[in-house]
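Worksheet: the structure to be examined is printed underneath.
The values are calculated or read from the model by the stated rules, or taken from the named source; none is laboratory data. Being a predicted model, the structure only gives us computed values, none of them experimental. Heads up, the Cβs are rebuilt from the backbone with ideal geometry, glycines too, and the neighbour counts pull from every protein chain shown.
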């Protein structure tokens, strides 16, 4: 099966129905391994046991940006190639991305209180991630505000691509500005600064959360395809009702004129 | 038995929040799927078919 075959929603539904149970099983297994490793990771010499929050916070922070990246590629698919599943993919990803961004902000805040002495600081990294969260909510509101999915898709695609400017700002905010948030310690020049005992659980949790995203995204895309199918069938049903009532009114009008003629 | 130290409440709250948010996401997707398939089934029963002539439930 080629990639172009997946452009057909019916084929996409059939393929994902086969793949989803395997993806869900792999996600559960990896999450279980990641949680076990996180629970038994040693305490950090500075952070103590609060380092365990990082195993949840960092994967969610990475995914908050990754999901917007996926939505940006899907938006290109909508605007440039008019791929039939592109706007379905973008729309389905937004609530999942918003949830991951919310978790990144919340767990970061819960880590910040014992480590920095504050839940929140208006520094560049925290503020740019909060803006990302608000952009997710704005996109979801836009999708709900416009009735016609194809019109909503174009507007949302433009907004998504404009919002993608925020991704490098989030990534490099810790280098460009003097922030309370620490600089990158995993993906950086010269390799990771983390010890293996922290790096391995972190990477396992990151892969598990990425698989969770893929699983939820495919399932949400299936729902969106079904929703559009329902919408088009309901429109068909409404037009049939309108046509039959018009035909009924027409035949009643003809009968009335015949009666008037007969009376005359 | 692992010890979470003086900040156990922050650690436990973080993991609990992540579990709740993920559970809400899964629940929303499952309920939405149930909702859409039920509406398609009702449309199918009322005789509304797709232009291709295939059932509304095809490959769902």
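Here are the numbers for this structure:
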| read-out | value |
| --- | --- |
| All positions within the stretch A:19-35 that are within 11 Å of another protein chain (Cβ to nearest Cβ) and over 21 Å from the mean Cα position of the chain (by Cα) | A:35 |
| Test for residue A:21: is it assigned to a loop (DSSP other than H, G, I, E, B) and surrounded by fewer than 15 Cβ atoms within 10 Å (Cβ to Cβ) | no |
| Residues that are away from chain B (no Cβ under 14 Å), under 30 Å from residue A:91 (Cα atoms) and part of a helix (DSSP H, G or I), drawn from the stretch A:175-232 | A:202, A:203, A:204, A:207 |
| Filter result for the condition that a residue is facing chain B (nearest Cβ under 10 Å), in contact with a helix residue (DSSP H, G or I) (Cβ under 8 Å, 6 or more places away or on another chain), closer than 21 Å to residue A:217 by Cβ and modelled with pLDDT of 95 or more, over A:94, A:90, A:99 | A:99 |
| Filter result (without any contact (Cβ under 8 Å) to a residue 24 or more places away in the chain and in a helix (DSSP H, G or I)) within the stretch A:113-123 | A:113 |
| Candidate set from the stretch A:1-18 (those that are within 20 Å of the chain's Cα centre (by Cα) and at pLDDT 90 or above); member that is nearest to residue A:74 (Cα to Cα) | A:12 |
| Hits in the stretch A:102-132 (condition: facing chain B (nearest Cβ under 9 Å), within 14 Å of residue B:10 (Cβ to Cβ) and surrounded by fewer than 22 Cβ atoms within 10 Å (Cβ to Cβ)) | A:106, A:113, A:114, A:115 |
| Boolean, residue A:153 is under 16 Å from residue A:91 (Cα atoms), assigned to a helix (DSSP H, G or I), more than 14 Å from chain B (Cβ to nearest Cβ) and touching a helix residue (DSSP H, G or I) at 6+ places or on another chain (Cβ under 9 Å) | yes |
| Residue A:155 being modelled with pLDDT under 95 and surrounded by 14 or more Cβ atoms within 10 Å (Cβ to Cβ) | yes |
